[in-house]
Amino acid sequence: MTEPGTAGIVQRCGRTVLDTLSMSGEVLLLLGRSIPGPRSLWRERPRIVEQMIIVGSETLPIASLVAFFIGMVLVVQTADQLVNYSQEVLGSIVGLSMTKELGPVLIAFLVAGRVGSSITAQIGSMAVYDEVSALRTMDIDPERYLVTPRITAMALALPVLILYADAVGILGGCLAVQLDPAINISLALFWDNLVNEIAMQDIVVGLVKGVVFGVTIATVSCAFGLRTRGGTAGVASSTTQSVVWSFVLVIVFDFIIVRMAVLLP
Amino acid sequence: MKRTPGKGVGVTVDNVIHEYGDIRVLDGVNMNIAAGETLCVLGGSGTGKSVLVRLMAGLEVPTSGKIQIGGMMVPEYAALPPDEKPFLVSMVFQHSALLGSLTVEENVTLRMREHGTHSEKDMHSICEQVLDEVEMGGSNNKLPGELSGGMKKRVALARALAVNPDLIFYDEPTAELDPVLTEQIGLLIARVRRDRPITQVVVTHDMVIADLVADRVAMLEGGRIAEEGSYREFLTSTDPGTRSFLEAARVLASRDQADNKDETGKDG
C-alpha cells in the first residue's frame, strides 16, 4: 500500500514541478512577444488608455480605503511597540514602510485580485468562445490586440496607484497621530521626521516595484486567460490560478528588488 | 494589392492525421474542394468535424499530413503579412465569436480597421452593405449582448463577408438555433453561394443546411471521409454509418416538425 502511495505523491510533485516550469516558460514567452515597440505603443494608445482607466476605476476606491486604514494601523501598532522608547521615529517608520513596502505590495495584491482576475476571466471567456480564434482568422494577433495594451497599462498605472496609496496611507497615519491619545508626539514632529527620513531613492524603489509588479500581474493574467480551455469551469480555474501565481510572483519579485536595492549606494 | 477579391480558392486536404495525446481524432482525411464550390462536411458529434475545419483555417496544426489553400500550405499562408495575402479566408464560428465589448459595426469592420486598409467612410459603407445582405440593417450600434442567437450568427456572417473573402469556413453555423432560424441561416449561406463566386466549407450535423447549401457533401466517420458526393447521392447511400446518421437525422427532423405543428396549433 505504501509503495503506490509514495509513487503517487512523487508523481504529483513531478507533475506540479513540470506544470510550473511549463507555465513559467509560457509567461516569459508571452511577455517577450508582447513588449511593445514605439510604433506599437502609438498605435495601441486608445486601448492602453482604456485599460488604464479600467485599472484605476477598479482599484482606486478600495485602495483608498485600505491604504488609509493601513496607515492608521501602522501608526497605532508602531506607537504601541515604542511605548517604552521615543515615538519621535514614528514618522520615518510609517513613511518608509508605506513607500518602500506596504504601498507597492498592497496595491499589487489589490490589482491582482480585482483587475488581474477580471483580465483572466475576460480573455479566458474569449478563448473558450472562440473570440481569440476569430481574431486569428482575421489576421489580428491576439497578443498585440489583447495582451500588449494590458501589460503597458498596468506598467504605467501601478506606479501612479502606488504613489496615491503612499499618500493616502501617510494621511491616515497623520490622522491617527492627531486623534489617538496614546500617541504623544505632535503632528508637526511626525511630519518632520517623515519628510526628513524618506529619500527620493525610497520612492523610486517603490515605483520600480510598481512597474515590475504591473508587468508581472498583467502577463500572468493574460497567459492564464489565453490557455483557458473547458468552458466556464475552465475560466473559473484559470482565474483562481492566475491570482495565486500573481501573489506568489509579486512576493518573489519584491524580495529580489529589496535585495538589489539594499546593494545600492 | 496583389489580390483579386472574392474569386474563390480551392482547398486540398492530404492524408491529415490529428491526435490529442493518445486519442486519434482524424485518421487520414483526404479531400479536394474546388474553387467556388460549397462543401458540407457532415458527421455526428465528436467525429472531428470542427477539428478538421480548425486545421483548414490554420487555428491548429495537424499531427501529420498537408493542407493547402489556393496552392499554398496553410502555415505558409498564415505567416504572410496581411497586406501580402493573395486571397482572404474568413470563418464563422459555432458561438458566433463576436467581441462583446464592440458594437456590431465595430465587429464587422474590425479586420479592416486593425489593418488600416479602408477609410472610415468606406468601412461604414461596407458595413451597411453586408448588414443589409444578412438582413441586419440598422443594427450597427447594438452590442452583441443585445442580439439573439440568430442575429449574432447573421452578424458573424456579415463580419466574414465584409472583407470580400475567397473562402469561408463555417463551424456548425446553426448550432443552438431552432429549425426556423436554422433555415434562415441556411438560406443566407445559399444566397452567398449564389451571389458570390467564393468557396465555402460548412461543417454541420444539420441535414437542412446540407440540403439548402451544399454543392457536395462529405461524410466524416471514424476520423475519415467515409463518403463524398452530391446531396442526392448521399441520401441514397448504402454505407451503414451514413444510413444510421440519416435515420437519426430524419427522426429528429420529423420530431421537430411535429413540435412545430403543436406550437402552431397552440398559437392558433
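The values are calculated or read from the model by the stated rules, or taken from the named source; none is laboratory data. In this text the structure is predicted, and so the values were computed from the model without any measurement. Methodologically, a virtual Cβ is constructed for each residue, glycine included, from the backbone with ideal geometry; neighbour enumeration extends over all protein chains shown.
When you scan the stretch B:153-171, do you find a residue that is at pLDDT below 90, outside the structural domain of B:N107 (by TED's automatic domain parsing) and within 29 Å of B:V134 (Cα to Cα), even just one? Before the answer, list the steps.
Applying the first criterion (at pLDDT below 90) to the stretch B:153-171 yields none.
Within the stretch B:153-171, none of the residues are at pLDDT below 90, outside the structural domain of B:N107 (by TED's automatic domain parsing) and within 29 Å of B:V134 (Cα to Cα).
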Quiz item: For the stretch A:58-86, what are the residues that are closer than 24 Å to A:N196 by Cβ and buried (at least 22 other Cβ atoms within 10 Å of the Cβ)?
Solution: A:A67, A:G71, A:L74, A:V75
Quiz item: What number of residues within the stretch A:185-227 are surrounded by fewer than 14 Cβ atoms within 10 Å (Cβ to Cβ) and not in a helix (DSSP H, G or I)?
Solution: 2
Self-check item: Test set (1) outside the structural domain of B:G44 (by TED's automatic domain parsing); (2) crowded, with 17+ Cβ neighbours inside 10 Å; (3) touching a residue at least 12 places away in the same chain (Cβ under 8 Å) - B:K142 fails condition number
Solution: (2)
Exercise. Identify, by number, the condition in (1) within 13 Å of chain A (Cβ to nearest Cβ); (2) at pLDDT below 95; (3) surrounded by 21 or more Cβ atoms within 10 Å (Cβ to Cβ) that B:T174 doesn't meet.
Key: (1)
Quiz item: Which members of the stretch A:47-66 meet the condition of being over 18 Å from A:G214 (Cα atoms) and touching a residue at least 24 places away in the same chain (Cβ under 8 Å)?
Solution: A:S64, A:V66
Quiz item: Say we look at the stretch B:95-118 and pick out the residues that are out of contact with any helix residue (DSSP H, G or I) (no Cβ under 6 Å at 6 or more places or on another chain) and crowded, with 20+ Cβ neighbours inside 10 Å; which of these is nearest to B:P165 (Cα to Cα)?
Solution: B:R111
Quiz item: Among the residues of the stretch B:145-171 satisfying the criterion of being part of a helix (DSSP H, G or I) and among the aliphatic types (A, V, I, L, M), which is surrounded by the fewest Cβ atoms within 10 Å (Cβ to Cβ)?
Solution: B:M151
Exercise. Select, from A:V147, A:V132, A:V115, the only residue that is touching a Pro at 6+ places or on another chain (Cβ under 7 Å) and assigned to a helix (DSSP H, G or I).
Key: A:V132
Quiz item: From the list A:A121, A:A176, A:A157, which residue is within 25 Å of A:G56 (Cα to Cα), touching a residue at least 60 places away in the same chain (Cβ under 8 Å), part of a helix (DSSP H, G or I) and more than 14 Å from chain B (Cβ to nearest Cβ)?
Solution: A:A157
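Among the helices (runs of 4 or more DSSP H) lying completely within the stretch B:1-118, list those that include at least 2 residues that are under 17 Å from the mean Cα position of the chain (by Cα). Don't jump to the end; show me each part of the working.
Numbers: elements: B:49-56, B:74-79, B:104-108, B:110-115.
Answer list for the stretch B:1-118: B:49-56.
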Quiz item: Are any of the residues in the stretch B:113-122 within 11 Å of chain A (Cβ to nearest Cβ), of a type in the set (D, E) and on the phi < 0 side of the Ramachandran plot?
Solution: yes
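Quick one: count up the residues across the stretch B:35-78 that are aliphatic (A, V, I, L, M), surrounded by fewer than 20 Cβ atoms within 10 Å (Cβ to Cβ) and more than 14 Å from every other protein chain (Cβ to nearest Cβ).
Within the stretch B:35-78, the first condition is being aliphatic (A, V, I, L, M), and the residues that meet it are B:35, B:39, B:41-42, B:51-53, B:55-57, B:59, B:61, B:67, B:69, B:72-74, B:78.
If we keep only those that are surrounded by fewer than 20 Cβ atoms within 10 Å (Cβ to Cβ) as well, we get B:35, B:61, B:72-73, B:78.
Restricting the remaining residues to those that are more than 14 Å from every other protein chain (Cβ to nearest Cβ) gives B:35, B:72-73.
Total satisfying the criteria: 3.
Go through A:R15, A:R47 for me and flag whichever is within 16 Å of A:M154 (Cα to Cα) and out of contact with any strand residue (DSSP E or B) (no Cβ under 8 Å at 6 or more places or on another chain).
On the way: A:R15 fails: within 16 Å of A:M154 (Cα to Cα).
Just a single option satisfies the conditions, and that option is A:R47.
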Quiz item: Among all residue pairs at least 6 apart or on different chains, which show Cβ distances below 7 Å where the first residue, located in the stretch A:31-44, is small (G, A, S) and the second is in a helix (DSSP H, G or I)?
Solution: A:S34/A:E143; A:S34/A:V147; A:S34/A:T148; A:S34/A:I151; A:S40/A:R144; A:S40/A:T148
Practice problem: Six or more apart or on different chains, Cβ under 7 Å: which pairs go from a residue in the stretch B:207-226 that's touching a residue at least 40 places away in the same chain (Cβ under 8 Å) and of a type in the set (D, E) to one that's surrounded by 19 or more Cβ atoms within 10 Å (Cβ to Cβ) and assigned to a strand (DSSP E or B)? Could you list them? | Solution: B:D215/B:T38; B:D215/B:L39
Quiz prompt | Test: residue in the stretch A:94-104 that is crowded, with 24+ Cβ neighbours inside 10 Å and at the interface with chain B (Cβ under 9 Å from one of its Cβ atoms) | solution = no
